[in-house]
Amino acid sequence: MRYFPLFLDLVDKPVLVVGGGEVASRKVEALLKAGADVTIVSPSLVDFLDKLAQEQQVRWIQRFYSSDIVTKSFIQVWATTDNPELNHQVYKDAKELGILVNVVDDKPYCDFITPSMINRGRIQIAISSGGASPVLIRNIREKLEAILPQNMGLMAEFANSKRNSIKEALPSVDLRRKFWESYFSHPEVENARDNRELEIIYQQTMAKPLDEEGSCTWIQVGQDVEMLPIKAVRYMQQAELALYSTMCEVDVMELVRRDAEREPFRSATELSDMLTKAKKENLRVCVFVPSGTSEFSLLQGQDLVI
């Protein structure tokens, strides 16, 4: 992974865009949506940018670029002209001042890149191949757009509006997480059209007792991680502890919930001790064992095996 995924707060932050053409238009439009304080330097602007300048949504320095324009007041610089030599000079000037810079479509001269985005209100999903295959990324985005619920933004706003009340009702982080997991897995939540319908589901979920008991799910891992059933992935995303045999492919751990603890085991005895401890702590556990092995079958008991 060459690029670290990061969402940057640009509200009221000064950003410089060098260039006044169509490429600059796309970048400026996105920057303004993020709340950035945008300054454009260019002797002329396309109609879209000119309108923004007239409406004072952006600042316009109406002249050719010179190195003195880049100052430490800017936290980000974009070079969007069709002149590679000029773009590289902008890059050099920004780097000398320690400012993050992006020369559009010129990856060696980029401190950061912008991913393909899916936006649903507060929900933002970024997809990137690090510039390796834009067409593949577009294909992935189209597939995600087709399966993601259209009311995700509505759900996010509703959940945000309940932050204070849920803290009063459920004082621990673990209880709140379990509540929201139960709420968002409700069969009707993705069909809700407004806050009223979401509130009904909220009250129904709040009235049900939360399952505070731990659980153990056994997942058999073969050679191809992509062959894991969807059901297994769902349990992996709910797990608080992932125990995996050292004989399993470690790649499978990438699908486990990010904040879950991960611990390897080398024998049935070692695993038994780990499970005993997890049961006392009421943890939701996923145990990963090689497909086809019977070494750990005595420990499975009545647990779910996938």
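The values are calculated or read from the model by the stated rules, or taken from the named source; none is laboratory data. This one's a predicted model, so the numbers in the text were calculated from it and none came from an experiment. Neighbour counts are summed over all protein chains in view; Cβ atoms, including those assigned to glycine, are modelled from backbone coordinates with ideal geometry.
Of all residues in the range 282-302, none satisfies being in a strand (DSSP E or B), in contact with a Pro (Cβ under 8 Å, 6 or more places away or on another chain) and aliphatic (A, V, I, L, M).
If you go through the range 149-173 and keep only what is exposed (fewer than 15 other Cβ atoms within 10 Å of the Cβ), out of contact with any strand residue (DSSP E or B) (no Cβ under 9 Å at 6 or more places or on another chain) and over 14 Å from GLU199 (Cα atoms), you end up with ASN164, LYS167, GLU168, ALA169, PRO171, SER172, VAL173.
Criterion first (surrounded by 12 or more Cβ atoms within 10 Å (Cβ to Cβ), of a type outside the set (S, T, N, Q) and farther than 20 Å from LEU8 by Cα) does ILE125 satisfy it? Spelling it out, it is not the case that ILE125 is surrounded by 12 or more Cβ atoms within 10 Å (Cβ to Cβ), of a type outside the set (S, T, N, Q) and farther than 20 Å from LEU8 by Cα.
Contact map, the range 64-84: residues that are free of Cβ contacts under 8 Å to residues at least 60 places away in the same chain paired with residues that are loosely packed, with under 13 Cβ neighbours inside 10 Å, Cβ distance under 6 Å, separation 6+ or inter-chain. Pairs shown: PHE64/PRO43. Considering only the range 122-144, I want to know if a residue exists there that is more than 15 Å from the chain's Cα centre (by Cα), at pLDDT 90 or above, under 21 Å from GLU190 (Cβ atoms) and not hydroxyl-bearing (Ser, Thr, Tyr). Checking the range 122-144: at least one residue is more than 15 Å from the chain's Cα centre (by Cα), at pLDDT 90 or above, under 21 Å from GLU190 (Cβ atoms) and not hydroxyl-bearing (Ser, Thr, Tyr).
Would you say LYS143 is assigned by TED's automatic domain parsing to the domain that holds ARG120, without any contact (Cβ under 8 Å) to a residue 12 or more places away in the chain and either of a type in the set (Lys, Arg) or assigned to a helix (DSSP H, G or I) (or both)?
Criteria met by LYS143.
Here ALA239 meets each of (1) under 29 Å from HIS186 (Cβ atoms); (2) in contact (Cβ under 8 Å) with a residue 60 or more places away in the chain with one exception, condition (2).
Scanning the range 274-281 turns up one or more residues that are within 31 Å of the chain's Cα centre (by Cα), over 18 Å from GLU226 (Cβ atoms), small (Gly, Ala, Ser) and in the same structural domain as PRO229 (by TED's automatic domain parsing).
Out of the range 76-103, which residues are surrounded by fewer than 20 Cβ atoms within 10 Å (Cβ to Cβ) and under 23 Å from the mean Cα position of the chain (by Cα)? Within the range 76-103, LEU100 is the sole residue that qualifies. Summed over the range 34-50, the residues that are of a type in the set (S, T, N, Q) and within 29 Å of the chain's Cα centre (by Cα) give a count of 1.
Residues that are among the β-branched types (Val, Ile, Thr) and loosely packed, with under 14 Cβ neighbours inside 10 Å within the range 258-304 comprise THR269, THR276, THR293, listed in sequence order.
Considering every residue within the range 183-205, establish whether at least one is under 19 Å from ARG284 (Cα atoms) and either assigned to a helix (DSSP H, G or I) or acidic (Asp, Glu) (or both). Looking through the range 183-205, at least one residue is under 19 Å from ARG284 (Cα atoms) and either assigned to a helix (DSSP H, G or I) or acidic (Asp, Glu) (or both).
A search for C-beta distances below 8 Å between a residue of the range 40-51 that is at pLDDT 95 or above and any residue that is among the acidic types (Asp, Glu), counting only pairs 6+ apart in sequence or on different chains, returns VAL46/GLU22; PHE48/GLU29.
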